[in-house]
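Data first, discussion second: the structure below is written as structure tokens.
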Amino acid sequence: MIINRKKWLNLLFRRKALVIFALLVQIFLIIILLAGVSIRFQYSYLFLHFLSIIVSIHVINKHEKAGYKLTWIFLILLFPFLGGILYIFFNTLSAQKKLKKALDRNIRDSREAFFLAGNRIDELIEEHPEFRTHAQYLQNFAGFPVFANTRQVYLDSGEAFYRKVLEELEKAQRYIFMEFFILKEGVMLNSILDILERKAAAGLDIRITYDDLGCFFTLPEDYPKKLAQKGIKCFVFNPFRPIVSSLQNNRDHRKIISIDGKVAFTGGLNLADEYINIVERFGHWKDAAIMLEGDGAWALTLIFLQMWNLKAGDKDDYASFFPWNDNIIEHTERGVAEGYETWGYVQPYADSPINHEFVGEHVYFKIINQAKKYVYINTPYLIIDDNLLSALTIAAKSGVDVRIITPHRWDKWIVAITSRSYYRRLIRAGVKVYEYTSGFNHGKTFVSDDIIATVGTTNLDFRSLYLHFECGVLLYASESISAIKEDFLKTLPVSKEITLKDCDRNAFQRIIPDILRIFAPLM
């Protein structure tokens, strides 16, 4: 067993080392080539300067976040003969157009299937007109309808999530779909795979999607073959290749479990032992997830299938997975027939970096901008652009109680320094910032005014908001909202409130975060 483990680790290290080495070699060769050409040939030097000017004009006018524009303009100013060609090289060696075309097809083909469980937007708006713009944006523009007949269970820890997942997986009768950013062999993943293997042997359709970069250091290269031997279908999203390309930034950061289309989970948790505190990495791991049972679970099922059907050769009939196809009871009566209660309304949603719509950011914006009493936020990272920063500070200046809990023990020190650089401006505006002192706060929740909340996978950082595939659930006038608020308030006593004095730094200590913030979009 020890020999096999050492062999696996050696193979894993060898593959990762080769990929990283190949990337570094590419970057080095590009720099040497361009530097040599520009020094030897005067016209080449002038051409590269001119190219950088043209690229700068293109970047300024491009439909993209200001933070990315600033980063590239800074790099071009820093390396005037090199910046332009690097931008072209980095942004043209990409299959993003092909990916966008395939994803657009899947979204188009699945759009009608989202409404198989009915459409409750008119009922929501009639009962709660204050949610009109929230619901209309997500349904009419982004394509995610409003659902009722959905029981919601808020899970305030990895341990609670794990117990509930095991319980629900055992009930599966038709299919189990899973989509995660990180899978890591251990107690959590292996116990779940044991159930999946048994279910696959019983004839159920078992599918797992995971992100290749997310699992780059946690899974062996032949892991899909191991899953296939267990009867589990596998799709590795966006295989990481040793090519300098912007496509490598677009990762599948979603976390979804769908069981028969009737029960679904999403939230901050991946399938690794640190998430349930069996293994300690950064102190106690604090996380959050939500389970939907009933109509709302169907939307997360379709979101999974949209990604799955990017797999070469796969094209599912989305409607065939609808769990109530054989049920002739009218939709308005099915809640009672199936035993589900209408506890408020839910609107599951997904976000894609390919269409530059930034759905997750818009959900957060609207919660902040429409808050009247309070907004409470959990996030593991706090690296935001000026628009979100302004929304938070204006809300606080307007008398809204804005509170944010971040980790005290961070998983990435460079991200920690950059996140803390935002504290001073937030605190001066009246935002209360806390750090979870017991360990790492990985939850991604917003809750406001006791009437609206969201639980999902989107961090408050550039990568989650603009580069990754994400998902979440928006909750309206739901009983589970009080549980989300209560969880936040219970976390405050084990969190340290940050003061302006804590943010005091000398000139040298301030310049490092200032430099890092220039490159925040790349973190």
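Computed values, structure above
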| item | result |
| --- | --- |
| Qualifying position, being surrounded by 15 or more Cβ atoms within 10 Å (Cβ to Cβ) and either among the aliphatic types (A, V, I, L, M) or at pLDDT below 95 (or both), among Ser495, Ser448, Ser464 | Ser464 |
| Inter-residue pairs, beta-carbon under 9 Å, first under 10 Å from Gly430 (Cβ atoms) and in segment 384-400, second modelled with pLDDT under 95 and outside any helix (DSSP H, G or I), 6+ apart | Leu392/Ile384 |
| Selection from segment 233-258 of residues that are modelled with pLDDT of 90 or more and among the hydroxyl-bearing types (Ser, Thr, Tyr) | Ser258 |
| Positions within segment 214-225 being surrounded by fewer than 19 Cβ atoms within 10 Å (Cβ to Cβ) and farther than 17 Å from Lys311 by Cβ, in sequence order | Phe216, Phe217, Thr218, Pro220, Glu221, Asp222 |
| Residue, surrounded by the most Cβ atoms within 10 Å (Cβ to Cβ), within segment 41-65, restricted to residues that are modelled with pLDDT under 70 and in a helix (DSSP H, G or I) | Leu48 |
| Residue match in segment 364-386 (condition: at pLDDT below 95 and over 24 Å from Arg251 (Cβ atoms)) | yes |
| Residue in segment 404-411 that is at pLDDT below 95, surrounded by fewer than 16 Cβ atoms within 10 Å (Cβ to Cβ) and in a loop (DSSP other than H, G, I, E, B) present | yes |
| Filter result for the condition that a residue is assigned to a helix (DSSP H, G or I), charged (D, E, K, R), touching a residue at least 12 places away in the same chain (Cβ under 8 Å) and surrounded by 22 or more Cβ atoms within 10 Å (Cβ to Cβ), over Lys164, Lys199 | Lys199 |
| Strands (runs of 3 or more DSSP E) contained entirely in segment 412-479, each with at least 3 residues that are farther than 26 Å from Asn355 by Cα and touching a residue at least 40 places away in the same chain (Cβ under 8 Å) | 432-436, 439-441 |
| Qualifying positions in segment 69-120 - outside any helix (DSSP H, G or I), surrounded by 19 or more Cβ atoms within 10 Å (Cβ to Cβ) and at pLDDT 75 or above | Leu116, Ala117, Arg120 |
| Residue, surrounded by the most Cβ atoms within 10 Å (Cβ to Cβ), within segment 315-363, restricted to residues that are modelled with pLDDT under 60 and assigned to a loop (DSSP other than H, G, I, E, B) | Tyr340 |
| Near pairs, Cβ below 7 angstrom, 6+ apart or cross-chain, from segment 297-314 (in contact (Cβ under 8 Å) with a residue 60 or more places away in the chain) to any residue that is among the acidic types (Asp, Glu) | Phe304/Glu179; Leu305/Asp316; Met307/Glu179; Met307/Asp252; Trp308/Asp314; Asn309/Asp316 |
| Only listed residue being touching an Asp or Glu at 6+ places or on another chain (Cβ under 8 Å) and aromatic (Phe, Trp, Tyr), chosen from Phe131, Phe144, Phe180 | Phe180 |
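For (1) surrounded by fewer than 24 Cβ atoms within 10 Å (Cβ to Cβ); (2) under 20 Å from Pro145 (Cα atoms); (3) of a type outside the set (Phe, Trp, Tyr), each residue gets a yes or a no:
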| residue | (1), (2), (3) |
| --- | --- |
| Arg251 | yes, no, yes |
| Ile257 | no, yes, yes |
| Lys262 | yes, yes, yes |
| Thr266 | no, yes, yes |
| Leu271 | no, no, yes |
| His284 | yes, no, yes |
| Asp287 | no, no, yes |
| Met291 | no, yes, yes |
| Asp295 | no, yes, yes |
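The values are calculated or read from the model by the stated rules, or taken from the named source; none is laboratory data. On a predicted model such as this, the values are computed, not experimentally measured, just so you know. Positions of Cβ are generated from backbone atoms using ideal geometry, with glycine treated the same way; all protein chains shown enter the neighbour counts.
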